[in-house]
Amino acid sequence: MSFTRIQNESLRSSTWVPLKAGVNDSTETFLVKSIFTENSYLVLFTDLRYVWFEELFGEVIKKRFQELKVSLEQDRLSEYIQFLSEYLIPERSDITHKVTKSYDDSFLFESKRNIGPMELNWKFHCKLIPTSLPMKSSNSNGQQIDGVTVLYTHLILPQILLTSAYNEQIESLHNTIKSKEDEFTETIRSIRLGKSNKDTCTEPTHFDPNTSYDEIGKVIQNLQVPDLQTPFDICKDPKFSKLFKTATERVIPPNKENIKLPATISYSSGAPSITDLANLPTVNLPSLSDSQLSKMFTPQVLSLEDNELELSQASTIELPALDSFHSSQSKDDELARVQAEDRRAEEAKARELEKRQHLKDLAAKQAEKPTKKRKKVM
C-alpha cells in the first residue's frame with residue numbers, strides 16, 4: 001500500500017501531537033497526525049527521519065475489534081472509532097505506548113488503555129512510506145508521494161512559514177520598543193525643561209500576547225505560499241542566517257577525528273561572518289541575547305578566524321599565513337617602541353623647560369638684592 005496525495009491532503013488540517021513510547025529499553029518521542037471519521041481512520045507517525053502510516057476502513061476495523069474479543073454493533077461503529085481516537089491523546093495517565101520496529105520496515109505502534117479492571121490494547125500496524133521515489137513517480141502529476149515530500153509539506157515548510165511570521169513580528173516589536181523609547185526620552189526632556197506634555201501624550205497601550213499571536217496568524221495568511229519563494233526569503237536576513245547556522249552546528253556535531261582542513265574552504269552561503277554581523281544594528285531581547293544564545297547553541301566547529309570571512313555569494317575563509325602573522329606582530333611592536341620614545345622625548349622637553357624657568361626665577365631674585373641694600377644705606 002502506497003501513501004497518496006489524497007491521503008496527504010486529508011491530513012493538512014490535523015495538528016502534530018507528541019507521544020512517548022517505549023522502544024526496546026528506552027523511550028522515544030514520535031510525532032503523530034491522525035484523522036478519524038465515522039467509518040475510517042488514518043494515522044501518520046514520524047521520528048523526523050522516517051514516516052509510517054496506517055489507514056483502515058469499517059470492515060477491517062470491525063474485524064480488528066473481533067480479534068480483541070470485543071462485540072461490535074454495526075450502528076455503533078462511529079462510537080468505537082471515536083473511542084480509538086482517544087488512544088492518541090498525549091499525556092494520558094491511563095494509556096501507555098510501545099513501538100516495535102521490524103526488519104521489513106513495518107512499524108507496530110501498540111497502545112494499552114486501562115478501562116476499569118480490564119485492559120484494551122490497540123495495535124496500529126503501520127507501513128513505511130518510502131524515503132524517496134523516482135522523479136516520475138513523485139512529480140505533481142503522480143498520486144504516490146514519498147516520505148521526504150510528507151516531511152516537507154507537513155513539517156519543514158510550515159516551520160519556515162512560522163519562522164518567517166515570527167521574524168516579521170519581532171521586527172514589528174523592535175519598532176514598537178524603539179518608538180516607546182523615543183516617547184520616554186521626549187518625556188524626560190520635557191520634564192527637565194519644566195514643560196508638560198499632557199497635550200501630546202496618548203493613552204498607554206498594553207501588551208497582549210494573544211494579540212501578538214493573532215498578528216502572527218495574519219502574517220502567515222498573507223504569505224505567498226504558491227510560488228514557494230516567500231518562505232525562503234527569511235534566509236536572506238543575516239541575523240537569521242547566523243542563528244540558523246549556529247543551530248545547525250549544534251544539531252550536527254563535528255567529526256571527532258583529527259581532520260586536516262585545506263588552507264582555503266569555500267562555502268556556498270550568503271551568511272556573513274561574525275565580524276560583519278557586529279556592525280549590524282540589533283535590539284537585544286531577553287530571549288535572543290548573545291549570552292543566552294551561546295549557552296543554548298554551543299558551536300561545534302573547527303577554529304577558524306571569523307574576521308577573515310568575506311561577505312559574498314560564495315564566501316571564502318582564508319587562514320592567515322604565518323609570515324603575515326609575524327609581520328603584523330612586528331609592526332605592532334615597532335609602533336609601541338616609537339610611541340614610547342615619543343613619550344620619553346616629551347617628558348625630557350618638559351623637564352628642560354621647567355629647569356630653564358627655575359633658572360630665570362633665580363636670576364630675577366639675584367637682581368633684586370643689590371637694589372634693596374642701596375636703599376638701606378641711604
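Residues of the range 90-105 being at pLDDT 85 or above and either out of contact with any helix residue (DSSP H, G or I) (no Cβ under 8 Å at 6 or more places or on another chain) or among the small types (Gly, Ala, Ser) (or both), which ones? Don't jump to the end; show me each part of the working.
So in the range 90-105, the residues at pLDDT 85 or above come out as 90-101.
The answer is 90, 91, 93, 94, 96, 97, 98, 99, 100, 101.
Among the residues of the range 62-82, are any free of Cβ contacts under 8 Å to residues at least 24 places away in the same chain, within 40 Å of the chain's Cα centre (by Cα) and assigned by TED's automatic domain parsing to the domain that holds residue 46?
Taking every residue of the range 62-82 in turn, none turns out to be free of Cβ contacts under 8 Å to residues at least 24 places away in the same chain, within 40 Å of the chain's Cα centre (by Cα) and assigned by TED's automatic domain parsing to the domain that holds residue 46.
List the pairs whose first member sits in the range 110-133 and is in contact (Cβ under 8 Å) with a residue 40 or more places away in the chain, whose second member is surrounded by fewer than 17 Cβ atoms within 10 Å (Cβ to Cβ) and of a type in the set (Val, Ile, Thr), and whose Cβ atoms are under 7 Å apart, counting only residues at least 6 apart or on separate chains?
Once the first residue is in contact (Cβ under 8 Å) with a residue 40 or more places away in the chain and sits in the range 110-133, its partners that are surrounded by fewer than 17 Cβ atoms within 10 Å (Cβ to Cβ) and of a type in the set (Val, Ile, Thr) give 131/148.
May I ask you to list pairs of residues, at least six apart or on different chains, whose Cβ atoms are under 6 Å apart, with the first in the range 28-52 being over 25 Å from residue 77 (Cα atoms) and the second being assigned to a loop (DSSP other than H, G, I, E, B)?
Every condition considered, the pairs that remain are 30/47; 31/16; 51/129.
Which condition number does residue 93 fail, the rest of (1) assigned to a loop (DSSP other than H, G, I, E, B); (2) more than 31 Å from the chain's Cα centre (by Cα); (3) over 20 Å from residue 26 (Cα atoms) being met?
So residue 93 meets the others, but not (3).
Within the range 1-50, which strands (runs of 3 or more DSSP E) (wholly inside it) include 1 or more residues that are more than 26 Å from the chain's Cα centre (by Cα), among the aliphatic types (A, V, I, L, M) and surrounded by 18 or more Cβ atoms within 10 Å (Cβ to Cβ)?
On the way: elements: 17-23, 26-36, 40-46.
Fully inside the range 1-50 and qualifying: 17-23, 40-46.
Could you please let me know if residue 70 is surrounded by 14 or more Cβ atoms within 10 Å (Cβ to Cβ) and of a type in the set (Val, Ile, Thr)?
On the way: surrounded by 14 or more Cβ atoms within 10 Å (Cβ to Cβ): no; of a type in the set (Val, Ile, Thr): yes.
Considered against the rule, which asks whether it is surrounded by 14 or more Cβ atoms within 10 Å (Cβ to Cβ) and of a type in the set (Val, Ile, Thr), residue 70 comes out as no.
When you check residue 133 against the structure, is it within 20 Å of residue 9 (Cα to Cα), surrounded by 13 or more Cβ atoms within 10 Å (Cβ to Cβ), among the hydrophobic types (A, V, I, L, M, F, W, C) and at pLDDT below 90, yes or no?
Numbers: within 20 Å of residue 9 (Cα to Cα): yes; surrounded by 13 or more Cβ atoms within 10 Å (Cβ to Cβ): yes; among the hydrophobic types (A, V, I, L, M, F, W, C): yes; at pLDDT below 90: yes.
Judged against the criteria, residue 133 is a match.
Here is a check on your reading of the model: is residue 59 over 38 Å from the mean Cα position of the chain (by Cα) and either crowded, with 18+ Cβ neighbours inside 10 Å or of a type outside the set (A, V, I, L, M) (or both)? First the steps, then the outcome.
Numbers: over 38 Å from the mean Cα position of the chain (by Cα): yes; either crowded, with 18+ Cβ neighbours inside 10 Å or of a type outside the set (A, V, I, L, M) (or both): yes.
Yes.
Could you tell me whether the range 158-167 includes any residue that is surrounded by 12 or more Cβ atoms within 10 Å (Cβ to Cβ), modelled with pLDDT of 80 or more and farther than 30 Å from residue 51 by Cα?
There is no residue in the range 158-167 that is surrounded by 12 or more Cβ atoms within 10 Å (Cβ to Cβ), modelled with pLDDT of 80 or more and farther than 30 Å from residue 51 by Cα.
So residue 11 fits all but one of (1) of a type outside the set (S, T, N, Q); (2) in contact with a Lys or Arg (Cβ under 6 Å, 6 or more places away or on another chain); (3) without any contact (Cβ under 8 Å) to a residue 12 or more places away in the chain; what number is the exception?
(3)
The values are calculated or read from the model by the stated rules, or taken from the named source; none is laboratory data. Predicted model only: the values in this text are computed from it and were never measured. Glycine gets a Cβ as well: all are built from the backbone with ideal geometry, and neighbour counts include every protein chain shown.
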